[in-house]
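The numbers here are math on the coordinates, done by the rules we state, and not lab data. Keep in mind it's a predicted model, so treat the numbers as computed, not measured. Neighbour counts run over all protein chains shown; Cβ positions are idealised from the backbone, glycine included.
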């Protein structure tokens with residue numbers, strides 16, 4: 001009784017078929033993504049940082065050091081609470097936003113905002129090409145700003161400080177952007193650095209193709225080497241193409257057969 005063993009096929013055509021299928025699927029996905037991205041998306045993302053208590057959270061041991069803070073305004077005032085909060089406002093859409101309104105509201109009593117927060121932009125050179133203007137009606141509890149322009153992917157960082165003569169455990173400081181017909185999303189500080197959906201599709205598609213191709217590319221010179229020195233392979237497979245497609249790589253350096261097995265005809 002013949003024992004017909006089914007051996008795994010190491011055929012290059014299946015590799016290219018798999019790679020072609022992956023490329024087609026990736027291309028379709030990329031096309032859908034590009035079609036979606038071509039539609040105007042008006043979206044602002046707000047990344048809120050934690051409120052830091054700079055005085056009470058001091059790392060200095062209280063039994064060894066006593067630190068005092070003073071506000072150097074028109075009148076030098078001793079303060080017992082000093083808080084800091086960073087907020088990043090980013091244009092996460094695909095169209096520019098003009099004259100974006102931003103409001104900083106401090107909702108606690110007995111505490112006030114510093115007149116001017118630290119303002120930065122990403123990319124850093126954007127700060128030199130736009131204006132970030134505070135409205136004249138702003139108070140120590142509420143600041144109103146107008147950002148002249150934020151292009152897609154650009155962001156403005158507000159780093160606010162608030163102080164009080166009284167000892168406070170926490171504060172409520174909200175920084176709110178607003179623009180007609182624009183959606184605002186809130187999240188924790190630290191925007192995702194992952195690539196856009198289209199970049200992910202391209203990356204994983206080419207990674208799949210690369211993983212599939214690398215073993216064949218690395219094995220090719222070994223196949224050529226063995227084909228040139230092994231007459232039993234030439235007798236068994238009749239052509240290098242059949243040898244490359246049919247012979248399993250882990251059997252490349254197996255002992256030479258004294259009598260070749262039944263000749264495997266090339267694919268029709």
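Quick notes on this structure:
- Residue order, fewest to most surrounding Cβ atoms within 10 angstrom, among 240, 70: 70, 240
- Ascending count of other beta-carbon atoms within 10 Å, so fewest first, for 84, 229: 229, 84
- Sorted by Cβ neighbour density within 10 Å, fewest at the top, the residues 106, 149, 218: 218, 149, 106
- Pairwise FRET efficiency - residue 50 versus residue 112, Cβ, R0 = 22 Å, nearest 0.05: 0.60
- Segment residue 246-residue 167, length gained on full extension (0.36 nm per residue, minus Cα span): 20.5 nm
- Rounded if a/c under 1.5, otherwise prolate or oblate - region 131-175, Cα gyration tensor axes: oblate
- Region 170-189 and region 75-142: distance between their alpha carbon centers, rounded to Å: 12
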